[in-house]
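Q: Sharing a structure with you now.
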Amino acid sequence: NSIARAHKNGYTEPIAGTMLNYYLPPQFYHLALQESNFNVNACGPKTRWGIAKGMWQFIPSTGQYYGLQTGPLAEHRKPDPQDDRHHFLKSTRAAAKYLRHIYDTDAQASGLLVMASYNWGENRVNRLINEMPENPKDRNFWRFLEKYRDKIPQQTYDYVFYIFSAAVIGENPRLFGFDMDNPLGFVES
């Protein structure tokens, strides 16, 4: 249903195109699926960092850092038409900038580490990565899990695997029993 919503609302191609413009894999499309089911009006729970909003679930400070203006309802779990986090194109560009920034940190060795950083925070992930061997071969998500599974929140662990699973299924949904084609099938390899 969420993929159909993204297609119906014209989100798929702009998300994939924006990711490619920032030299990111278009499969980060599935990150928005996990964050909000492609709902631009999504509002997360209140946290000590504020309320995450929009398709990409930006907390206020991260959204502002990537150029998104918060609206007058920033402290309320309500969609806010004046809040850029609910604006599809602006927030998609901000998400791509944020993902690009994470890719440019020590998490770059693995797209899965980038996803973990998006969810748990790049500073937390990078702190642990910096305790790992210098060899990029040894700085991947699987080694990260092997070494730090007891430190990684279950939410982040699940988050990465949900997105990874959606991306794998998305390559050939019919193989997995879904009556649809690859939503990113239009992207040239």
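Q: Out of the residues in region 9-20 meeting the condition of being in a loop (DSSP other than H, G, I, E, B) and not small (Gly, Ala, Ser), tell me which one is least open to solvent (accessible area, probe 1.4 Å).
A: Taking the candidates together, the pick is TYR11.
Q: So which of LEU113, LEU68 is in contact with an Asp or Glu (Cβ under 9 Å, 6 or more places away or on another chain), in contact (Cβ under 8 Å) with a residue 12 or more places away in the chain, under 30 Å from PRO133 (Cα atoms) and not basic (Lys, Arg)? Steps first, answer last, please.
A: Values: LEU68 fails: under 30 Å from PRO133 (Cα atoms).
Answer to the selection: LEU113.
Q: Can you name the condition, by its number, that TYR29 falls short on among (1) within 14 Å of the chain's Cα centre (by Cα); (2) without any contact (Cβ under 8 Å) to a residue 24 or more places away in the chain; (3) closer than 22 Å to PRO173 by Cα?
A: For TYR29, the exception is condition (2).
Q: Being modelled with pLDDT under 95 and either in contact with a helix residue (DSSP H, G or I) (Cβ under 9 Å, 6 or more places away or on another chain) or of a type in the set (A, V, I, L, M) (or both) narrows it down to one of MET115, MET132, so name that one.
A: Just a single option satisfies the conditions, and that option is MET132.
Q: For region 54-74, which positions are open to solvent by 50 Å² or more (accessible area, probe 1.4 Å) and either among the polar types (S, T, N, Q) or in a helix (DSSP H, G or I) (or both)? Please lay out each step first, then the result.
A: The initial filter retains those residues of region 54-74 that are open to solvent by 50 Å² or more (accessible area, probe 1.4 Å), namely 61, 64-65, 67, 69, 72-73.
Once the filter is applied, which keeps residues that are open to solvent by 50 Å² or more (accessible area, probe 1.4 Å) and either among the polar types (S, T, N, Q) or in a helix (DSSP H, G or I) (or both), region 54-74 yields SER61, GLN64, TYR65, GLN69.
Q: Of all residues in region 43-64, count the ones that are of a type in the set (Phe, Trp, Tyr) and in contact with a strand residue (DSSP E or B) (Cβ under 9 Å, 6 or more places away or on another chain).
A: Within region 43-64, the first condition is being of a type in the set (Phe, Trp, Tyr), and the residues that meet it are 49, 56, 58.
Subset that is in contact with a strand residue (DSSP E or B) (Cβ under 9 Å, 6 or more places away or on another chain): 58.
So the count comes out to 1.
Q: State whether one or more residues within region 128-142 are farther than 29 Å from ASN21 by Cα and of a type in the set (Lys, Arg).
A: No, because not a single residue in region 128-142 is farther than 29 Å from ASN21 by Cα and of a type in the set (Lys, Arg).
Q: Would you mind stating whether TYR23 is more than 20 Å from GLY10 (Cα to Cα), not in a helix (DSSP H, G or I) and not small (Gly, Ala, Ser)? Steps first, please.
A: On the way: more than 20 Å from GLY10 (Cα to Cα): yes; not in a helix (DSSP H, G or I): yes; not small (Gly, Ala, Ser): yes.
Yes: the conditions hold for TYR23.
Q: Looking only at region 39-53, filter to residues that are under 18 Å from GLY121 (Cβ atoms) and in a loop (DSSP other than H, G, I, E, B); which one of those is nearest to the chain's Cα centre (by Cα)?
A: Quick first cut of region 39-53, residues under 18 Å from GLY121 (Cβ atoms) only: 44-53.
Now drop any that are not in a loop (DSSP other than H, G, I, E, B), which leaves 48-49.
Details: ARG48: 20, TRP49: 18 Å.
Among those residues, the one meeting the criterion is TRP49.
The values are calculated or read from the model by the stated rules, or taken from the named source; none is laboratory data. Since this is a predicted model, take the numbers as computed values, not measurements. So basically every Cβ, Gly included, is an ideal-geometry build from the backbone, and we count neighbours across all protein chains shown. Accessible surface is based on the protein model in full, side chains and every heavy atom, while ligands, DNA and RNA are left aside. Shrake-Rupley method; radii C 1.70, N 1.55, O 1.52, S 1.80 Å.
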